[in-house]
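Here the structure comes first, spelled out in structure tokens, and everything after it is commentary.
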Amino acid sequence: MVDKEKDFKYFLETLINATSKIEEHYFQLPIAGQKNPRFLERVYCYELYHQLRFTLCNQFPYKLNGEVDKNGNPTILQGLGPVKLDFIVHVPRDEDNNLIVIEVKPITAKLNRIKDDLKKLKGFLEKAKYHKAIMFIYGSDNKNSRNKVKSIRTEINILSEYSERIILLWHKEPRSKAEVINHVRPA
């Protein structure tokens, strides 16, 4: 018997530990000819995926997939339209074992894009029966970062019945652990 809450807590702890291994180069990419490095979501996500795959236990009963195009899934297509997720943690072809959906955005992302991702996460909880969802923010661009994260938390709370199932993580800086903002941290 699969214990989704136990599996979720294990994955969340593994995810938090994996963030501490992400180096500055992947956090903000230096660009030739530019003074300041840039937050590039794909670069960050690929490194996060690498660190997660390296850290997850072989006995973990779910598969981690990145940048999944769910257009071929009739349940998703009918309920949510054509969507892609940054990460999914599931047992392929077994909708009863959909564990986690994750959307990742840099701190510099516009709040409207983050709201769109939150709606997408809510849709996957509702239509595809995922156990939990994670809105994952990385970076700290200035003193307004904390206010932006608070705004995101407020947007999650607006989703009422789903607010307890959408976890907000904030990974502030390279080689540090992400922080759980709105959920009980794993033991």
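Just so it is clear, none of the values below were taken in a lab; they were calculated from the coordinates. Just so we're clear, the structure is a prediction, and the values are computed from it rather than from any experiment. Ideal geometry is used to build each Cβ from the backbone, glycine not excepted, and the neighbour counts take in all protein chains shown.
Observations
- Computed from the C-beta positions of Asp96 and Lys150 and an R0 of 30 Å, the FRET efficiency is 0.25 to the nearest 0.05.
- Applying 0.36 nm per residue to the separation of Gln59 and Glu179 and subtracting their alpha-carbon distance, the gain on full extension is 40.6 nm.
- Applying both filters, DSSP loop and at most 12 other Cβ atoms within 10 Å, to the GluC sites (Glu not before Pro) of the stretch 13-60 gives Glu23.
- Estimated dipole of the stretch 4-180 in Debye, rounded to 20 [Cβ of Lys and Arg +1, of Asp and Glu -1, Cα centre]: 440
- For the chain, the alpha-carbon radius of gyration amounts to 1.00 times the rule-of-thumb value 2.2 N^0.38 Å expected for a compact globular protein.
- Separation of the stretch 29-66 and the stretch 156-175, taken as the distance between their Cα centroids, equals 19 angstrom.
- Straight-line reach from Lys6: taking Cα to Cα under 20 Å and skipping same-chain neighbours fewer than 8 places apart, the lysines in range are Lys63, Lys129, Lys132.
- Residue of Lys143, Lys63, Lys84 that the Gaussian network model of the chain assigns the largest fluctuation, springs spanning Cα pairs under 10 Å: Lys143
- All lysines inside 16 Å of Lys115 as judged from Cα atoms, apart from same-chain residues fewer than 8 positions distant: Lys84, Lys105, Lys148, Lys150
- The distance between label points at Tyr46 and Lys143 comes to 3.7 nm (points 7 Å beyond Cα on the Cα→Cβ vector).
- By other beta-carbon atoms within 10 Å, ranking Leu168, Leu15, Leu125 with the fewest at the front produces Leu125, Leu168, Leu15.
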